[in-house]
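Notes to accompany the following structure.
The values are calculated or read from the model by the stated rules, or taken from the named source; none is laboratory data. Please read all numbers here as calculations on a predicted model, not as lab measurements. Here the Cβ positions follow ideal geometry from the backbone for every residue, glycine too, while neighbour counts run over all protein chains shown. The accessibility values were calculated without ligands, DNA or RNA, using every heavy atom of the protein model including side chains. Shrake-Rupley method; radii C 1.70, N 1.55, O 1.52, S 1.80 Å.
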Amino acid sequence: MAQHGSHASSPVILLLAAGEGSRYGGIKQLADIEDEPMVRRVARTVLETTVPVIVVTGAHAEEVERVIDDLPLHIARCDDWQLGMGQSLATGVRFLVNRFPDASAVLICLADQPLLSVASLQPLLQRHAQAPKRLLATERNGISGPPALFPRDCFPQLMAQSGPYGARAVLENEAMRVEAFASGETMDIDTLEDLKRVRQWLADAHLRTKMP
C-alpha cells in the first residue's frame with residue numbers, strides 16, 4: 001500500500017501521472033498494457049530500482065490512485081494540474097523535499113512511457129553515484145527529456161516551474177552540465193494510435209523472444 005513519510009540520502013524517483021490525456025480521449029493512465037493499467041505497469045517498473053518512488057496524480061486522481069494504492073510508494077496529489085506538467089512537477093518536488101529532505105537527486109519519469117525499463121534507468125542512477133552534480137537526461141532525436149535526473153541543487157528551479165513544459169527550462173539553464181543517455185524504448189502514449197503502436201511493439205517483442 002502507499003507509504004507515508006521516510007528519509008533518503010539516495011535519489012528519489014518522481015513519476016508524473018497527473019495529466020488529463022485530452023489528446024488520448026480518456027483516462028490515459030489507465031490504458032490497458034498487457035492486461036494492466038499503464039500507470040501501474042510503469043510504477044512497478046520504477047519500484048524495481050529500489051529507490052523511493054513518488055507518484056504525482058492530478059486529473060482522474062481517485063481512479064489513478066486506486067490502481068496503485070497497494071504498491072510501496074508515495075502519492076502526491078496536484079490539485080492545480082490544469083496549469084500543466086510544470087505545475088505537477090513542482091508539486092512533486094515540494095513533496096519530495098518535505099518527505100525526503102536528504103535526497104541527493106530526483107529522477108523524473110513519465111507514466112505514459114509504458115516501455116520504460118529498469119535497464120534504461122540504472123545507467124542514470126549509476127552515473128549519479130559517480131558524478132552527483134551532473135544533470136542526466138535521455139536523448140531522443142536530438143532532444144533531451146525524461147527520464148531525467150536532477151541533483152538536489154536544482155530543486156529550487158524545479159519547484160518554480162509551471163505551464164506545459166516540465167523540466168525543459170532547467171535542462172536549458174544548466175546545459176553545461178547535462179549528460180545525454182540513449183533512450184532505448186521509451187515511446188510516449190499521447191493518442192490511441194500511440195497505444196496501438198506500443199501494443200504492436202510488445203507483441204513483436206514477444207514473438208522475437210520465442211524465435212529459435
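Out of the residues in segment 89-105 meeting the condition of being open to solvent by less than 30 Å² (accessible area, probe 1.4 Å) and not in a loop (DSSP other than H, G, I, E, B), tell me which one is nearest to V55 (Cα to Cα).
G92
If you take the residues of segment 49-82 that are in a strand (DSSP E or B) and over 17 Å from C109 (Cβ atoms), which of them is modelled with the lowest pLDDT?
Among those residues, the one meeting the criterion is H60.
Please enumerate the residues belonging to segment 129-168 that are over 17 Å from A18 (Cβ atoms), open to solvent by 20 Å² or more (accessible area, probe 1.4 Å) and in contact with a Leu (Cβ under 7 Å, 6 or more places away or on another chain).
Within segment 129-168, S144 is the sole residue that qualifies.
Could you check how many residues of segment 125-155 are not in a helix (DSSP H, G or I) and not basic (K, R)?
18
Inside segment 31-48, can you point out the residues that are surrounded by fewer than 18 Cβ atoms within 10 Å (Cβ to Cβ), at pLDDT below 85 and in contact with a helix residue (DSSP H, G or I) (Cβ under 7 Å, 6 or more places away or on another chain)?
Within segment 31-48, just E34 meets the criteria.
Here are some conditions: (1) touching a His at 6+ places or on another chain (Cβ under 8 Å); (2) farther than 17 Å from A43 by Cβ. D79 meets all but one. Which one does it not meet?
Checking D79 against (1) touching a His at 6+ places or on another chain (Cβ under 8 Å); (2) farther than 17 Å from A43 by Cβ, the one that fails is (1).
Given the options V51, V67, name the one that is touching a residue at least 60 places away in the same chain (Cβ under 8 Å) and open to solvent by 20 Å² or more (accessible area, probe 1.4 Å).
Answer to the check: V51.
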